[in-house]
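Heads up: the structure comes next, in structure tokens.
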Amino acid sequence: MTIRILYPNGAAVTLTPDTPQNGVAVTHSVDTNIHTITLTALESGICPEALEVTFPLPEDLLDPVEKLYCYDDTAHTNDVSEVFAYAECPRCEIAQLAVFKNLASGHTLLFGLCTMHRFWSAIFLRDHTVTFRFELEGRELTVGEAYVMERIMVAEGTPNGENALLEAYADGVAALNNCIPTGDLPVGWCSWSCFYSDVDEDKIRTAADTQVMYASEGRPNLVQIDDGWQRSGSFCGEWVTDEKKFPAGMAATSQYVRELGLTFGLWLAPLLLDDQSEYYEELKHLAMPEVTLGDHYHPFNLGDPAYHEHLRKTFRRMVDEFGATYFKLDFLAAAVRYFNGRGRFVKFPDGYCIEVQRKALQVIRETVGDEVFLLSCGAQTLLGAGIFNGARMSCDIIWGKNKAHPTYWQIMQNCLHTVGWRYFYHRKVYVNDPDGLVLRDWDRGDGFNCTWSEAELWTVAIAMSGGSVLSNDELEKLSDPRRALYTSCLPPLDIPCRPVDIFERPVPTAYILEVDENTKFLALYHFGDTMTDLDFDLDRVGMKGALVADCLSRKFLGFKDSVHIENANPHSAAMFLLRKPADKPAFVGADANIYMGINLFSSVYEEGKLTVTRPEEGFEEAKVYALWPEGYAPAGKVILQEKGYTLTENP
């Protein structure tokens with residue numbers, strides 16, 4: 001490991017831990033693969049640009065280099081993650097997390113930032129080395145102050161141990177940030193990919209009504225209004241309800257939603273100010289008008305106490321007057337980084353870039369209280385750890401109708417892969433948000449027009465993600481089968497799947513969700529453009545000989561060593577329940593939802609009797625299935641008999 005301090009004039013000095021040099025001292029410690037580097041100025045006038053910590057890649061990891069691949073988790077919540085061949089990109093920026101694997105040897109190695117508390121930081125690959133760079137912005141260091149760099153993890157895994165590395169990383173991030181991935185999983189409706197900014201109170205009330213009308217058995221709990229409810233654009237600065245769209249007022253709309261038993265949520269982009277906003281003149285003293293990040297928007301001065309008071313006033317009104325207890329906070333990264341080529345990140349007058357950004361978000365959390373659900377969107381992935389309950393884990397499912405954009409099918413695949421790769425964050429660092437469940441088969445001008453197979457595929461992806469389930473459709477306008485795809489995901493299981501092979505090339509096609517050692521779900525995806533057959537050996541996931549059910553048709557297929565799909569449609573998915581048989585009669589599934597009812601029903605076998613417990617409300621018509629080992633008298637309609645077991649319906 002090498003530590004260097006860099007200065008704005010291009011000078012660089014290599015530092016030795018615990019040895020004062022050139023007016024500074026650096027210390028280094030390691031605890032459970034977490035590295036802590038602290039820099040202290042011993043004299044005045046020390047104004048470094050950055051501190052870099054560099055690790056060489058081990059020679060055996062590089063042998064052979066053409067078999068070395070890297071998983072890049074990317075920088076932001078809405079980015080697209082990827083796996084790339086290291087030999088094709090030996091010099092690049094990784095952002096925050098890199099996992100290497102040599103496919104020949106199975107050797108795995110992880111490098112990750114674990115905090116984002118004070119300094120803009122990134123990881124760089126440079127000719128067989130990995131460098132963590134912490135931006136010190138040329139600010140003069142206070143003599144005697146210990147500047148703790150962002151914590152980093154460097155961990156070597158066992159052969160083919162990439163999943164254990166990622167889960168250890170998430171555990172480390174959770175511990176260092178006191179993460180709060182708590183609260184009910186958001187289930188219900190979001191307006192964005194349904195109406196975009198064309199929202200009004202009638203549409204919101206109808207959306208709430210249809211959640212209760214069509215999905216009440218699945219226990220929806222949220223209606224969230226996205227961008228468009230407010231006056232003066234996305235970066236208005238002052239969050240005032242557009243009275244033309246909501247003539248009864250936002251408080252009345254919120255009350256209507258909440259009286260139906262649903263949480264009321266709002267979208268805001270509170271860190272930016274548009275110079276075309278009607279409120280610009282009265283708010284520009286709180287902003288940095290000299291910094292133009294996009295076409296005509298500017299960051300607020302995130303470290304200014306007067307701006308903090310503006311945030312408090314805004315969010316008190318949202319909670320106290322509007323009754324909002326869920327907030328989707330968007331464009332957070334856009335407040336500190338340039339998207340127009342004018343620079344890399346913003347330097348603020350009152351502190352380091354990340355320090356003041358995180359302080360502003362902490363003000364919001366303190367204002368709304370611990371019971372309010374905060375969702376991070378358009379943000380650096382680690383920024384909200386310990387402040388936000390949830391975070392987006394993919395790009396938007398729809399980008400709009402533009403030939404310069406990827407097609408809706410390409411975007412759907414990108415979302416699926418990224419959510420699958422980022423499984424390890426769920427319920428450790430954040431509640432994962434895979435973006436909206438959009439199932440409509442007509443183009444409403446946004447370029448989205450999915451086939452039935454694609455609708456099933458995205459439904460399976462959302463169900464397997466373990467994250468929030470938010471319809472972005474007008475449920476009353478969906479066909480019955482497509483509406484049933486949405487309701488089939490309810491209530492969600494709240495357990496994330498993971499790729500069976502993270503480094504499968506070109507992308508993972510099989511995902512496994514582990515409920516326990518005896519119950520798992522398997523999803524298989526066919527991304528090709530022609531019909532094909534799919535096969536999967538269940539021994540790969542430790543479920544050889546399991547009882548298999550098709551989750552889309554809700555049919556049990558028998559005991560299998562492998563699953564085979566004949567003539568899989570292009571752009572399609574399959575999802576299977578896998579259950580190892582018990583040594584006593586037991587409930588094994590129901591046709592209640594895509595999870596075959598395992599999160600709704602349970603059973604106990606006592607004194608020669610099998611008792612199945614149903615939900616207190618709903619699902620009265622669901623067919624329940626039980627498995628009886630040889631030697632027990634089965635009850636109910638016999639569905640199949642195999643390998644000494646009898647499967648019955650409605651025992």
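The values are calculated or read from the model by the stated rules, or taken from the named source; none is laboratory data. Every value quoted in this text rests on a predicted model; they were computed, and no experiment measured them. Cβ placement follows ideal geometry from the backbone for every residue including glycine, while neighbour counts extend to all protein chains displayed. These area figures cover heavy atoms from the full protein model, side chains too; ligands, DNA and RNA do not enter into them. Shrake-Rupley method; radii C 1.70, N 1.55, O 1.52, S 1.80 Å.
A few remarks follow.
- Selection from region 420-442 of residues that are in contact with a helix residue (DSSP H, G or I) (Cβ under 9 Å, 6 or more places away or on another chain), in a loop (DSSP other than H, G, I, E, B), open to solvent by 10 Å² or more (accessible area, probe 1.4 Å) and touching a residue at least 12 places away in the same chain (Cβ under 8 Å): Lys428, Asp435, Asp441
- Listed by first and then second residue, the pairs linking a residue in region 247-259 that is in contact (Cβ under 8 Å) with a residue 12 or more places away in the chain and open to solvent by 10 Å² or more (accessible area, probe 1.4 Å) to a residue that is in a loop (DSSP other than H, G, I, E, B) and of a type in the set (D, E, K, R), with Cβ atoms under 8 Å apart and 6 or more places separating them unless they lie on different chains, are Ala251/Glu321.
- Scanning region 510-523 for residues that are touching an Asp or Glu at 6+ places or on another chain (Cβ under 9 Å) and either surrounded by fewer than 20 Cβ atoms within 10 Å (Cβ to Cβ) or without any contact (Cβ under 8 Å) to a residue 60 or more places away in the chain (or both) gives Ala510, Lys520.
- Within region 60-89, being open to solvent by 30 Å² or more (accessible area, probe 1.4 Å) and farther than 27 Å from Leu383 by Cα holds for Asp60, Asp63, Pro64, Val65, Glu66, Lys67, Ala87, Glu88.
- For region 145-156, filtered to residues that are more than 30 Å from Ser44 (Cβ to Cβ) and either at pLDDT below 95 or in contact with a Phe, Trp or Tyr (Cβ under 8 Å, 6 or more places away or on another chain) (or both), the residue that is surrounded by the most Cβ atoms within 10 Å (Cβ to Cβ) is Met153.
- Here Leu57 passes the criteria (1) farther than 22 Å from Cys353 by Cβ; (2) open to solvent by less than 30 Å² (accessible area, probe 1.4 Å); (3) touching a helix residue (DSSP H, G or I) at 6+ places or on another chain (Cβ under 7 Å) except the one numbered (3).
- Ile123 vs. criteria in contact (Cβ under 8 Å) with a residue 12 or more places away in the chain, among the β-branched types (Val, Ile, Thr) and within 24 Å of Tyr7 (Cβ to Cβ): yes
- Scan of region 443-462 for residues that are acidic (Asp, Glu) and either open to solvent by less than 10 Å² (accessible area, probe 1.4 Å) or closer than 15 Å to Asn472 by Cα (or both), ordered by number: Asp443, Asp446, Glu454
- Considering residues of region 569-593 that are small (Gly, Ala, Ser) and under 28 Å from the mean Cα position of the chain (by Cα) only, the residue surrounded by the fewest Cβ atoms within 10 Å (Cβ to Cβ): Ala574
- From Phe322, Phe331, residue being open to solvent by 10 Å² or more (accessible area, probe 1.4 Å), among the aromatic types (Phe, Trp, Tyr), at negative phi and in a loop (DSSP other than H, G, I, E, B): Phe322
- Reported count of residues in region 80-123, each being at pLDDT below 95 and acidic (Asp, Glu), is 2.
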